[in-house]
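Here is the structure we will look at, set down as structure tokens.
The values are calculated or read from the model by the stated rules, or taken from the named source; none is laboratory data. This one's a predicted model, so the numbers in the text were calculated from it and none came from an experiment. Cβ placement follows ideal geometry from the backbone for every residue including glycine, while neighbour counts extend to all protein chains displayed. All accessible areas refer to the heavy atoms of the entire protein, side chains included, with ligands and DNA or RNA removed. Shrake-Rupley method; radii C 1.70, N 1.55, O 1.52, S 1.80 Å.
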Amino acid sequence: MDTSKLEDTAAQTIAGFALTNANYETAITLLKEQFGQPQKNINAHMRALMELPAPKNDAVSLRKYGDYLESHVRSLECLGQNTRDV
């Protein structure tokens, strides 16, 4: 179970588990119970997209903007939102 991507409360939720396959389903269930509020997650991603600052006119800023944008779009797609017709 790779916990390197978890932060703050999510990491704390499963902090006591040994990193084994046997604990994977239990950890996923706990995370879904705590964070499995799809509409709140959708709203958070939409808000983040609307508040995303405009990039500056340089390659680093444009790439960072594109990465953040793509990350939120992929997350919305995972939550069942159609992002192709927008």
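I need a count of the residues in segment 12-25 that are surrounded by 12 or more Cβ atoms within 10 Å (Cβ to Cβ) and either at pLDDT 80 or above or closer than 24 Å to residue 77 by Cα (or both). Steps first, answer last, please.
As a first pass, look at segment 12-25 and keep what is surrounded by 12 or more Cβ atoms within 10 Å (Cβ to Cβ): 13-14, 17, 23-24.
The next check asks that each one be either at pLDDT 80 or above or closer than 24 Å to residue 77 by Cα (or both); those that pass are 24.
Adding up the residues that qualify gives 1.
Which pairs have Cβ atoms under 6 Å, sit 6 or more apart or on different chains, and link a residue in segment 36-60 that is more than 16 Å from residue 77 (Cβ to Cβ) to one that is modelled with pLDDT of 95 or more and open to solvent by less than 50 Å² (accessible area, probe 1.4 Å)?
Matching pairs, first to second residue: 55/61.
Is there any pair with a first residue in segment 67-86 that is surrounded by 15 or more Cβ atoms within 10 Å (Cβ to Cβ) and a second that is assigned to a loop (DSSP other than H, G, I, E, B) and modelled with pLDDT of 85 or more whose Cβ atoms are under 8 Å apart and which are 6 or more apart or on different chains, and what are they?
Sorted first by the residue in segment 67-86, then by its partner, the pairs are 68/52; 72/52.
Can you tell me which residue within segment 45-58, out of those that are open to solvent by 80 Å² or more (accessible area, probe 1.4 Å), outside any loop (DSSP other than H, G, I, E, B) and not charged (D, E, K, R), is farthest from residue 35 (Cα to Cα)? Step through it out loud before you land on a result.
Step one: filter segment 45-58 for residues open to solvent by 80 Å² or more (accessible area, probe 1.4 Å), giving 46-47, 50-51, 53-54, 56-57.
Still in the list and also outside any loop (DSSP other than H, G, I, E, B): 46-47, 50.
With not charged (D, E, K, R) added as a condition, the list becomes 46, 50.
Numbers: 46: 17, 50: 22 Å.
It comes out as 50.
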